[in-house]
Amino acid sequence: MRRQRKFDKSILLLAIIIIAVIGTVLFLVLRFRSDELSETLKDGKPIATAFLVSKGDSLLFTEIFFYDPGTSKAAILDVPGETGSIIESIKRIDRIDVLYKKGKPQAFLRKVESLIGNPVRYYIELDLADIERLTDLLEGVEMFIANPIEIKQEDRLILLPSGSIVLDGSKTSLFLTFEDAAGDSDLDRTGRNQKYIQALLERIGKMRIYLENEDVFRYFQGYVKTNMEKKSLLSFMKEMQKLDVERIVFQRVLGIMREVDSQKLLFPHYDGKLLKETIKQTIETLASTEAGSGDELVISLEILNGTKVTGLASRSAQVFQSFGFDIGYLGNTENSDVEKTIVYSTSPDLSKAQKAADIIRCRLVSLMPEQGIPKGQQSAADTTAARADVIIVLGSDFDGRYCKD
């Protein structure tokens, strides 16, 4: 009979020690490893995050949030679902939101990236039902409503008064989805959507300490669907405490509506080149550390068409609006034979005029003469409107986008 080999307990002890060491190492690696978003914010590099708001499986609206951690400045770009583009997977021109799949928005986001010419690495999906719960968790969001809103719901009439008001979850949902009987403009709807994202981010920043509580954070994480890891999401929330809310720049995709296969689609101006250029300059502006108040960031323009080309001032206004300029007045000059475009500054500081000139590659930048704009370049209409920061007189060298040599 063979003698049974005696079990060596030291081997078991060694195995337990090895497992414990491996477990400890893994725990420490997972606990202290740096995630991509946290490192990006720490390095002061800009990030882009998509907020995708849906109702059921339908995408209601998309807002791209650009943020620069070095300056705490941000911009919000509205990307309409009806934006037209070639959809490679179905080999036809269609709305970009046909690519959206709830819970799997990657294909849709890749298309958005190609349109704006900038990566969008992170996303936060919010269903309308979850927005109600999230808003209540945040104890409401503060919104400014310019005009009172009356919403009829079954046998009830809900009034949202004008002014600054804190909306609870159900009223936030109504605010985002109601349709004015008189007819809402796309600009009105876009404005509401962007103001909501602004208010949400501000509230997250203010409530950050409360949200970091494990019990509360569990609910918060359940209401937002995101590709951010827990550590990334916490870093994002912390960063929102620094967000310069009052100076957020609001932008939208500008273009022309065309009918394709019995549906109206929005095609960005200049085959999308203007949109990409706008985003590039926006990101550079957010990174700028130049001091200035919120009012100084907005440059008002007066644009006069000095040519025989009908609608040239209006076309140029769309270009400037896409870059965040405020259009105070559009008109024509007394004469329509202006050859060279010129940009006038109404103040001794030429910097605002130069910024406007750079947009259209105009080389002629000048202080407003003491006696006013030269005869022939003056507005053909009598106007008592206050002078804008910058006056642009368009000449025949302007092709609708740039000044040509």
Once you have a ≥ b ≥ c as the square roots of the Cα gyration tensor eigenvalues for segment 298-394, tell me rounded if a/c is under 1.5, and otherwise prolate or oblate according to whether a/b is larger than b/c. rounded
Computed ³J(HN,Hα) along segment 207-221: with the Karplus parameters 6.51/-1.76/1.60, θ = phi - 60°, integer Hz and x for glycine or proline, the list is 9, 4, 4, 5, 5, 6, 4, 3, 5, 6, 4, 4, 6, 4, 5
Net dipole in debye of segment 298-394 [+1 Lys, Arg Cβ; -1 Asp, Glu Cβ; about Cα centre; nearest 20]: 280
For segment 109-117, Karplus couplings with θ = phi - 60° (6.51, -1.76, 1.60), whole Hz, Gly/Pro x: 5, 5, 5, 4, 4, 5, 6, 8, x
Report the GluC sites (Glu not before Pro) located in segment 49-138 that are in a DSSP loop and have at most 12 other Cβ atoms inside 10 Å of their Cβ, or state none. GLU88
Out-of-range pairs (alpha-carbon distance over 30 Å; input LYS104/LYS355; LYS152/LYS206; LYS195/LYS404; LYS91/LYS276): LYS104/LYS355; LYS152/LYS206; LYS195/LYS404
For the chain, alpha-carbon Rg over 2.2 N^0.38 Å: 1.26
Residue-count net charge about VAL224 - beta-carbon cut-off 9 Å; Lys, Arg +1, Asp, Glu -1: -1
Spin-label point model (7 Å from Cα, Cβ direction): what's the GLN106 to GLN354 distance in nm? 4.6
Have a look at the DSSP beta bridges in segment 298-394 and tell me what percent are antiparallel, nearest 5. 25
Would you kindly derive the ³J(HN,Hα) couplings of segment 355-369 from the backbone phi angles with the Karplus curve 6.51 cos²θ - 1.76 cosθ + 1.60 (θ = phi - 60°), listing them in order in whole Hz, with x for Gly and Pro? 4, 5, 5, 5, 4, 10, 6, 9, 8, 8, 10, 8, 6, 5, x
In segment 46-151, which trypsin sites (Lys or Arg not before Pro) fall in coil by DSSP and have 12 or fewer other Cβ atoms within 10 Å? LYS91, LYS101
What is the calculated FRET efficiency for GLU150 to TYR219, with r their C-beta to C-beta distance and R₀ = 41 Å, to the nearest 0.05? 0.80
ILE124's amide H: which non-local residues (gap 5+, or another chain) put their own amide H closer than 5 Å, with H modeled 1.01 Å from N in plane and none for Pro or chain starts? ALA50, PHE51, LEU52
Report the extension gain between LYS45 and MET257 in nm, rounded to one decimal, defined as 0.36 nm multiplied by the number of residues separating them, less their alpha carbon distance. 72.8 nm
Point-to-point label distance, GLU139-GLU82, nm (Cα→Cβ direction, 7 Å offset): 4.1
For segment 326-405, calculate the relative contact order in percent as a whole number, restricting contacts to Cα pairs under 8 Å that are 6 or more residues apart. 46
For the pair SER347/ILE93, report the inter-label distance in nm, with labels modelled 7 Å from Cα in the Cβ direction. 4.3
Arranged by the count of other C-beta atoms within 10 angstrom, fewest first, what order do MET368, MET228 take? MET368, MET228
So which trypsin sites (Lys or Arg not before Pro) in segment 213-257 pass both tests, a DSSP loop state and at most 14 other Cβ atoms within 10 Å of the Cβ? LYS242
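Every read-out reported here was derived from the displayed coordinates using simple, explicitly stated rules and does not represent laboratory data. Computed from a predicted model, the values in this text were never measured in an experiment. Ideal geometry is used to build each Cβ from the backbone, glycine not excepted, and the neighbour counts take in all protein chains shown.
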